[in-house]
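These notes concern the structure reproduced below.
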Amino acid sequence: MRRTLSLLVATAAITTLAPRAALAEPVHGLSMHGTPALPADFKNFPYANPDAPKGGKITYCVIGSFDNLNPFIIKSLRTTARGMIDTIYGNLVFESLMQRSADEAFSIYGLTAKSVNIDPERKWIEFHLDPNAKWSDGQQITPDDVIFTYEVFTEKGRPPYSDRMAKIEKIEKTGDNSVRFNFNDKADREFPLIIALTPIVPKHAFSKDTFDQTTLKPLVGSGPYTVAEVKPGERIVFKRNPEYWARDIPSKRGFDNYDQITIEYFLNAAAQFEAFKKGICDTFTEADPVKRARGFDFPAFKNGDIVAETFKSGLPPVVTGFMFNTRLAKFANPEVRQALGMLYDFEWANRNLFAGKYERTVSYWQGSELSAFGVPANDKEKALLAPFPDAVRPDIMDGTWRPPVTDGSGQDRKVMKQAFELFKAAGYTLQGGKMLDAQGAPFAFEILTSSEAEQRLAALYQRTLEKLGIAVTIRALEADQIQSRKQAFEFDALIGVTGFTGTLSPGIEQIGRWGSSSAQKPGSFNLAGVSSPAVDAMIDAMLKAREKEDFVAAVRALDRLLISGNYMVPFQHNSEQWIAFAKRLKHPEKTPIFGYQLPVWWSQGG
């Protein structure tokens, strides 16, 4: 690592490369598979309104707290300064070299890098920075900033940023506005796109010595906004940078339409909703149709000051459910986890909690060609899984598996008996109304929750488990406390999610969610502690796939492994996106495949 970093700091010496004629022509965009949908002369993304009016204000409300504005360090990661980089509200302060389109599975277009050259084998990529690209303090963005970013992320950053140098052989400054990444054998075909989407920080505005220390001082970035006000734990106010360099480039035209963006923090969902009803918050999302029907009867909604819309997303649903910490001995046996999964009564929950409006989640890429549910494994999948003959259950392999369907009573004896048989096979007995392991210790665990909705689902699960002698306790914690527990893997079970969004282009992030290398790494998203050579092999095959059919086969094989592994008990989902918002807010007519995009909305009259 020390040798690698020495290559980074030697930025003054420019390595001699192959003659320019040997390089492919620069391109305006890249796609994970195939070519980008938009031509080189595109004017704006199809889901953005290039004529959207600028001005006005918006306030977003979130649950949690924060005590640090630097989103790239592990210290105080339990709290989140939303908006600095943000998949929902936009990257307001820090930007990457290229911008992802929300209307394609995985395509990226020029941002701070105006164009790129890339090796057909994706062994290297060269970015050509826009000479007009500037930091918020007016200084030009340079290759030295890009190189410094990777140096400081490697030494002082948090995962996944700190891990990226492990796949880079060297970074070279190849011109006044050009920088080239050369990859080693650990890199995969997706990795150049990940590099393109990594946020960049200014060398002149950060000290490497203090980079890993928390700060509430407004930071210099290249994004459309600067931090104007900070009230620790309560509020961040962003104001538009009138000198924002990228306001008229194609990938940003129609974005960032507010003069001011405020993010208010609340301790829980109830407080957040009350603030929305009072007009403090301008948007509010609620996935539960029953809560929407019962809760939206307040004056502002009735008189039309607040409106609501439903949007269609083309993505697989985000998978949520009870996630088990398989680092613990009690959850180490996949058959025990399978039995626990059978005891979630979806039919009762859907009828009594969700008015029958939900669909059961059974696959990690449900509703897409990447899903293995109901689909027999093809020859490519079988070949990928052949070295791991016992990793996938036969019924999941042949596509016949279905989750158990209860009678909806909350006490279906048939399903409970099937689950009990699995416990027996794992060495458990039922004595005196308690489930005991082979050593006579009772099977018991704790579920962490952070909202009333989570508590209701946990209580439902608790009632069913108690009928089989499994003692479950429910502990309600604030969101930041839950986050702290997640960071250190200090939990038995909790209600977890597999990602911020579903995806049609799973990639390197799957290592952080399911890979063995992340299982014991504090701060990783591998909450379940999955450490499986088979899972690692499928992720590797997915990342190396060149043809679409190979990619689909690898993801389906991964889906089969995750379903067979029973690492979590998936809940249910509603494929529609519902959001309520102040009537002055407007949005483009087109909804991209990623669903509505708040960064392209605008305010009509204030």
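Within segment 29-57, can you find the residues that are assigned to a loop (DSSP other than H, G, I, E, B), surrounded by 14 or more Cβ atoms within 10 Å (Cβ to Cβ) and hydroxyl-bearing (S, T, Y)?
Of everything in segment 29-57, just one residue is assigned to a loop (DSSP other than H, G, I, E, B), surrounded by 14 or more Cβ atoms within 10 Å (Cβ to Cβ) and hydroxyl-bearing (S, T, Y), namely Y47.
Please work out if P143 is in contact with a Gly (Cβ under 9 Å, 6 or more places away or on another chain), of a type outside the set (D, E) and closer than 26 Å to D248 by Cβ.
So P143 fits the description; yes.
Any idea which of A488, A471 is at pLDDT 95 or above, out of contact with any Ser or Thr (no Cβ under 9 Å at 6 or more places or on another chain) and either buried (at least 16 other Cβ atoms within 10 Å of the Cβ) or not β-branched (V, I, T) (or both)?
A471
Would a scan of segment 60-73 turn up a residue that is buried (at least 21 other Cβ atoms within 10 Å of the Cβ), touching a Leu at 6+ places or on another chain (Cβ under 7 Å) and of a type in the set (A, V, I, L, M)?
No.
How many residues, within segment 572-581, are at pLDDT 95 or above and surrounded by fewer than 20 Cβ atoms within 10 Å (Cβ to Cβ)?
1
Just one of A488, A528, A582 is over 25 Å from D398 (Cα atoms) and over 21 Å from the mean Cα position of the chain (by Cα); which is it?
A582
Given the options A545, A519, A554, name the one that is over 21 Å from the mean Cα position of the chain (by Cα) and of a type in the set (G, A, S).
A545
What about D67, is it closer than 30 Å to P159 by Cα and of a type in the set (D, E, K, R)?
Yes, satisfied.
State whether the residues of segment 206-221 include one that is touching a Lys or Arg at 6+ places or on another chain (Cβ under 7 Å), closer than 25 Å to F45 by Cα and in a loop (DSSP other than H, G, I, E, B).
no
Can you list residue pairs whose Cβ atoms sit under 8 Å apart, with the first residue in segment 480-498 being at positive phi and the second being among the charged types (D, E, K, R) and surrounded by fewer than 21 Cβ atoms within 10 Å (Cβ to Cβ)? Count only pairs 6 or more apart in sequence or on different chains.
From segment 480-498, the pairs are F489/R327.
Which residue is nearest to G34 (Cα to Cα), if the candidates are limited to segment 537-551 and must be surrounded by 18 or more Cβ atoms within 10 Å (Cβ to Cβ) and either free of Cβ contacts under 8 Å to residues at least 24 places away in the same chain or out of contact with any His (no Cβ under 7 Å at 6 or more places or on another chain) (or both)? It would help to see each step written out before you state the result.
From segment 537-551, those surrounded by 18 or more Cβ atoms within 10 Å (Cβ to Cβ) are 537-539, 541-543, 545, 551; that's our starting set.
Then keep just the ones that are either free of Cβ contacts under 8 Å to residues at least 24 places away in the same chain or out of contact with any His (no Cβ under 7 Å at 6 or more places or on another chain) (or both); that gives 537-539, 541-543, 545.
Working: A537: 24, M538: 21, I539: 20, A541: 18, M542: 15, L543: 15, A545: 12 Å.
The selected residue is A545.
I need the full set of residues from segment 519-575 which are basic (K, R) and either in a helix (DSSP H, G or I) or more than 25 Å from Q487 (Cβ to Cβ) (or both), in order please.
Answer for segment 519-575, where residues must be basic (K, R) and either in a helix (DSSP H, G or I) or more than 25 Å from Q487 (Cβ to Cβ) (or both): K544, R546, K548, R556, R560.
So the check is Cβ under 6 Å with 6+ separation or different chains; which pairs have a first residue in segment 263-281 that's closer than 23 Å to A228 by Cα and a second one that's in a helix (DSSP H, G or I)?
F266/Q272; C281/A275
Somewhere in segment 53-64, is a residue of a type in the set (D, E, K, R) and modelled with pLDDT of 95 or more?
yes
Take segment 582-606 and flag every residue that is within 20 Å of A300 (Cβ to Cβ) and modelled with pLDDT under 95.
Q604, G605, G606
Regarding segment 353-361, can at least one residue be identified that is in contact with a Ser or Thr (Cβ under 7 Å, 6 or more places away or on another chain), farther than 19 Å from E547 by Cβ and surrounded by 17 or more Cβ atoms within 10 Å (Cβ to Cβ)?
The answer is no; no qualifying residue exists.
Working carefully through the options G427, G399, G433, G410, find the one that is at positive phi and without any contact (Cβ under 8 Å) to a residue 12 or more places away in the chain.
Checking each option against the conditions leaves just G427.
Let me confirm something: among A81, A102, which residue is more than 19 Å from V600 (Cα to Cα) and either small (G, A, S) or crowded, with 22+ Cβ neighbours inside 10 Å (or both)? Walk me through how you get there before you give the answer.
Details: A102 fails: more than 19 Å from V600 (Cα to Cα).
Being more than 19 Å from V600 (Cα to Cα) and either small (G, A, S) or crowded, with 22+ Cβ neighbours inside 10 Å (or both) holds for just one of A81, A102, which is A81.
Among the residues of segment 84-99 satisfying the criterion of being of a type outside the set (S, T, Y) and more than 21 Å from H587 (Cβ to Cβ), which is surrounded by the fewest Cβ atoms within 10 Å (Cβ to Cβ)?
Result: I85.
Against the condition in contact (Cβ under 8 Å) with a residue 24 or more places away in the chain and farther than 29 Å from Q577 by Cβ, how does F354 come out, does it pass? Let's see the steps before the verdict.
On the way: in contact (Cβ under 8 Å) with a residue 24 or more places away in the chain: yes; farther than 29 Å from Q577 by Cβ: no.
No.
Of the residues that make up segment 503-526, is at least one in contact (Cβ under 8 Å) with a residue 60 or more places away in the chain, closer than 24 Å to L340 by Cα, buried (at least 20 other Cβ atoms within 10 Å of the Cβ) and touching a helix residue (DSSP H, G or I) at 6+ places or on another chain (Cβ under 7 Å)?
Checking segment 503-526: not a single residue is in contact (Cβ under 8 Å) with a residue 60 or more places away in the chain, closer than 24 Å to L340 by Cα, buried (at least 20 other Cβ atoms within 10 Å of the Cβ) and touching a helix residue (DSSP H, G or I) at 6+ places or on another chain (Cβ under 7 Å).
Go through segment 380-395 and count every residue that is buried (at least 16 other Cβ atoms within 10 Å of the Cβ), in contact with a Phe, Trp or Tyr (Cβ under 9 Å, 6 or more places away or on another chain) and either under 26 Å from P442 (Cα atoms) or not basic (K, R) (or both).
Qualifying residue count for the region: 0.
In this structure, does G221 turn out to be on the phi > 0 side of the Ramachandran plot and not acidic (D, E)?
Working: on the phi > 0 side of the Ramachandran plot: no; not acidic (D, E): yes.
For G221, the condition - on the phi > 0 side of the Ramachandran plot and not acidic (D, E) - is not met.
The values are calculated or read from the model by the stated rules, or taken from the named source; none is laboratory data. Values in this document were obtained by computation on a predicted structure and should not be read as measured data. So basically every Cβ, Gly included, is an ideal-geometry build from the backbone, and we count neighbours across all protein chains shown.
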